[in-house]
1. Kindly state which strands (runs of 3 or more DSSP E) lie completely within the range B:37-156 and contain at least 2 residues that are crowded, with 22+ Cβ neighbours inside 10 Å and out of contact with any Pro (no Cβ under 8 Å at 6 or more places or on another chain).
2. So, of the residues in the range A:68-91 that are within 7 Å of another protein chain (Cβ to nearest Cβ) and near ligand 3 (Cβ under 10 Å from one of its atoms), which turns out to be nearest to B:Leu59 (Cα to Cα)?
3. So which pairs qualify, if the first residue must be in the range B:139-156 and more than 16 Å from ligand 3 (Cβ to nearest atom), the second must be among the basic types (Lys, Arg) and at pLDDT 95 or above, the Cβ gap must be under 6 Å, and the two must be at least 6 apart or on different chains?
4. Identify the residue in the range A:121-156 that is of a type outside the set (Lys, Arg) and farther than 19 Å from A:Gly31 by Cα and, among all such residues, is nearest to the other protein chains (Cβ to nearest Cβ).
5. Is it true that B:Arg13 is away from ligand 2 (no atom under 15 Å from the Cβ), in a helix (DSSP H, G or I) and at pLDDT below 95?
6. Has the range A:59-67 got at least one residue that is more than 12 Å from ligand 1 (Cβ to nearest atom), of a type in the set (Gly, Ala, Ser) and either under 15 Å from the mean Cα position of the chain (by Cα) or more than 9 Å from every other protein chain (Cβ to nearest Cβ) (or both)?
7. Is it fair to say A:Glu108 is closer than 30 Å to B:Val73 by Cα and more than 16 Å from ligand 1 (Cβ to nearest atom)?
There are 2 protein chains.
Amino acid sequence: MVEREVDDVAFMRMAFEEAKKGAQEGGIPIGAVLVLLEDPPKVLGRGHNQRVQKRSATLHAEMDCVENAGRLVGSVYKNTCLYTTLSPCDMCTGCILLYGIPRVVIGENHSFRGKGEELLRSRGVEVVVLDDAEIRGYFCEWIRRNEGLWNEDIGV
Amino acid sequence: MVEREVDDVAFMRMAFEEAKKGAQEGGIPIGAVLVLLEDPPKVLGRGHNQRVQKRSATLHAEMDCVENAGRLVGSVYKNTCLYTTLSPCDMCTGCILLYGIPRVVIGENHSFRGKGEELLRSRGVEVVVLDDAEIRGYFCEWIRRNEGLWNEDIGV
Ligand SMILES: [Ca+2]
Ligand SMILES: [Ca+2]
Ligand SMILES: [Zn+2]
Ligand SMILES: [Zn+2]
């Protein structure tokens, strides 16, 4: 629907703002937003990768976002959409599956693409890749200058 | 090997101690330990579910354990074993896959068994289920008295 497309672009902008906030803090610039699909939609949580800032091995952007949304009963997640600037890793994919988040919108999957998208789809999750050129260029540039840190974040 | 069996029992006891610590704090009693497979083995991190204590939606026992182990370069995980009192959920399974932890030892999988074990094995992870009667009985009893909290933790 036209309205959904508008929402997707707006919430992906919000996720990208989170990513840039992460960069300003000296961190890995990946951002995410969890949205409750009401009319109007409601942001339940937003977050960004915290490896540098909190010395965290588990707070990827998607995890930080879900963590910031706080404790929720399981049924709430079944009516949400997760926006993330980058294709999710195995861990974040697993988090999406655990809570049964039914829809995931991805900014780009050129800089990273693991087995997440495929696993999500095989388990019935709707996966949309926006392939946003600005997000792609921004993150590609960052990776070029931060290869060691990036490899640490994806366990390489 | 005989020595490995002894290690498995000892480290599972440590994970169970973590689980019981969680219960003493009023939390969900699941524990985990991440061990570096040196001679002698070295505990890199230990932890327990923090849903109640930290109001966390992401710190399952395995995640708390990996988080407590801190930032590590990817190569370190490739020589570790994760001990967890309960069969891992999708999220914790994904965390194990992200970091390439090659071996997972599970206390029991009667109280919970999702698609984690199967996915781990399909990706080449060695999965050992000890089926420890004491751990099984302890957690089964806890679930009976805490069904709502438990359902929240597994996203039901
Ligand atoms: Ca991330
Ligand atoms: Ca747990
Ligand atoms: Zn991730
Ligand atoms: Zn878990």
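1. Correct list: B:42-48, B:80-86, B:103-108.
2. Within the range A:68-91, the match that is nearest to B:Leu59 (Cα to Cα) is A:Met91.
3. If the second residue must be among the basic types (Lys, Arg) and at pLDDT 95 or above, the pairs left are B:Asp153/B:Arg51.
4. A:Val156
5. Spelling it out, it is not the case that B:Arg13 is away from ligand 2 (no atom under 15 Å from the Cβ), in a helix (DSSP H, G or I) and at pLDDT below 95.
6. Among the residues of the range A:59-67, not one is more than 12 Å from ligand 1 (Cβ to nearest atom), of a type in the set (Gly, Ala, Ser) and either under 15 Å from the mean Cα position of the chain (by Cα) or more than 9 Å from every other protein chain (Cβ to nearest Cβ) (or both), which makes the answer no.
7. So A:Glu108 fails the test.
The values are calculated or read from the model by the stated rules, or taken from the named source; none is laboratory data. These numbers were taken from a predicted model, which means no experiment stands behind them. A quick note on method: Cβ atoms are made from the backbone with ideal geometry, for glycine too, and the neighbour counts reach across all protein chains shown.
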